[in-house]
Amino acid sequence: HARPHAGYSGASKMTVLKRAMVLAAGFGVRLRPITDTTPKPMVQVLGRTLIDRTIDRLKDGGVESVVVNTHHLGEVVHAHLKKRDDLEILFSEEDPILETGGGIAHALHMLGDGPFFACNGDTLWLNGLQNAMTRMLKHWDDEKMDALLMLHSTVDAYGYNGLGDFCVDPLGLLSRRPECEVSPYLFTGVQILHPRLFKGAPEGAFSLNVLYDKAMENDRLYGMVHDGEWFHVGTPDALQEAESYMRLRYSGIKHR
C-alpha cells in the first residue's frame, strides 16, 4: 500500500475548531458486566475516565465547547461532567438511541455552521510526536473534505483483533477494506466533520458509515494516520491491557 499523504500537504492555513461532539450514548455491550452500572465512557484507565481523557485532548487542541450525547445511564455522565468548568459542556439527550450518524445529526444545531471535531467517548489514544488534534487541523482542507478520519495501523493497535476499516491512497483519500482481507488502517473514533456531510441524511437512527460511503463516492472522505498509541477498550481484557500499559508507561508520573 502506498504511504499515506505522500505529496499531500493539507490546507495552506490551519483551521481552528472551537466546537466538538463526544459520542457517549452507547451501551458498551462487550464490556459487560462493568457497563451494567457504569456507562462505557465513564470507565477509568489509570484513575481518569475515558470521556475526561477525550475532552482533555479536545481542549488541548483548542476546543472551547463540547456537545455530549447521552442515553444509557445518561444521568451518570451528566452528573460527572457538570463538575468540569474548564470548558462549555452541552448535552444532547437521545430517546430512543440514534446511533453515530443520527446522534450527531440530532445535535447539529448546537455545533455551528463550520467543521467540528467528533470523538467516540470511549476511545483512548496517546499523542505521538505532535498533538493529534493539531495534526488533524493541519491536514483539514475545507475545499476538498467533508470528513477527515484519524486512522491507526490495524496491526499495531492495543486490544484490537479486527480486520481494519480502510485503505488510503497517496492523496489521503479513503476506500473500504476489501472483503475477506485485512486493511492497513482502522478508524480510531476521532474525526473532523463538516455539517454539509449531513445534507440529505436519513431521519432518526443511522450509522455514520452511510455518510462516509456518500463522501467516498464524491472523493471527499480523507484520512490521517495517527503517529501515537491507540487502544481499543472494547472488552474487560482490553481494558486491563490499556491499564497495564498506561501504568507501566506513566508509573510515578501524573498524566492526563
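The values are calculated or read from the model by the stated rules, or taken from the named source; none is laboratory data. Small disclaimer: the values here were computed from a predicted structure and weren't measured. Ideal geometry is used to build each Cβ from the backbone, glycine not excepted, and the neighbour counts take in all protein chains shown. Surface areas here come from the heavy atoms of the whole protein model, side chains and all, with no ligands, DNA or RNA. Shrake-Rupley method; radii C 1.70, N 1.55, O 1.52, S 1.80 Å.
Scanning the range 88-113 for residues that are more than 20 Å from residue 193 (Cα to Cα), loosely packed, with under 15 Cβ neighbours inside 10 Å and not acidic (Asp, Glu) yields a single hit, 96. Taking the conditions exactly as written (in a helix (DSSP H, G or I), in contact (Cβ under 8 Å) with a residue 40 or more places away in the chain and closer than 17 Å to residue 152 by Cα), does residue 242 satisfy them or not? Criteria met by residue 242. Among the residues of the range 14-46, write down those that are under 23 Å from residue 128 (Cβ atoms) and open to solvent by 40 Å² or more (accessible area, probe 1.4 Å). Of everything in the range 14-46, those that are under 23 Å from residue 128 (Cβ atoms) and open to solvent by 40 Å² or more (accessible area, probe 1.4 Å) turn out to be 14, 16, 46. Name the single residue, out of those in the range 146-162 being in a loop (DSSP other than H, G, I, E, B) and touching a residue at least 24 places away in the same chain (Cβ under 8 Å), that is most open to solvent (accessible area, probe 1.4 Å). Once the filter is applied, the top-ranked residue is 160.
Is one or more of the residues making up the range 170-187 under 19 Å from residue 23 (Cβ atoms) and open to solvent by less than 70 Å² (accessible area, probe 1.4 Å)? Within the range 170-187, one or more residues are under 19 Å from residue 23 (Cβ atoms) and open to solvent by less than 70 Å² (accessible area, probe 1.4 Å).
Within the option set 243, 229, being acidic (Asp, Glu), out of contact with any His (no Cβ under 9 Å at 6 or more places or on another chain) and open to solvent by 10 Å² or more (accessible area, probe 1.4 Å) holds for one residue only, 243.
Yes or no, residue by residue, for (1) of a type outside the set (S, T, N, Q); (2) over 18 Å from the mean Cα position of the chain (by Cα); (3) closer than 26 Å to residue 71 by Cβ:
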{"residue": "177", "(1), (2), (3)": "yes, yes, no"}
{"residue": "197", "(1), (2), (3)": "yes, no, yes"}
{"residue": "202", "(1), (2), (3)": "yes, yes, yes"}
{"residue": "208", "(1), (2), (3)": "yes, no, yes"}
{"residue": "213", "(1), (2), (3)": "yes, no, yes"}
{"residue": "217", "(1), (2), (3)": "yes, yes, no"}
{"residue": "226", "(1), (2), (3)": "yes, no, no"}
{"residue": "231", "(1), (2), (3)": "yes, no, yes"}
{"residue": "246", "(1), (2), (3)": "yes, yes, no"}
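Within the range 52-107, if we keep just the residues that are touching a Pro at 6+ places or on another chain (Cβ under 7 Å) and either part of a loop (DSSP other than H, G, I, E, B) or modelled with pLDDT of 95 or more (or both), the residue that is nearest to residue 208 (Cα to Cα) turns out to be 72. Residue pairs whose Cβ atoms lie under 6 Å apart, sitting 6 or more positions apart in sequence or on different chains, and linking a residue in the range 132-145 that is farther than 16 Å from residue 216 by Cα and basic (Lys, Arg) to a partner that is open to solvent by less than 30 Å² (accessible area, probe 1.4 Å) and not in a helix (DSSP H, G or I), are 138/10.
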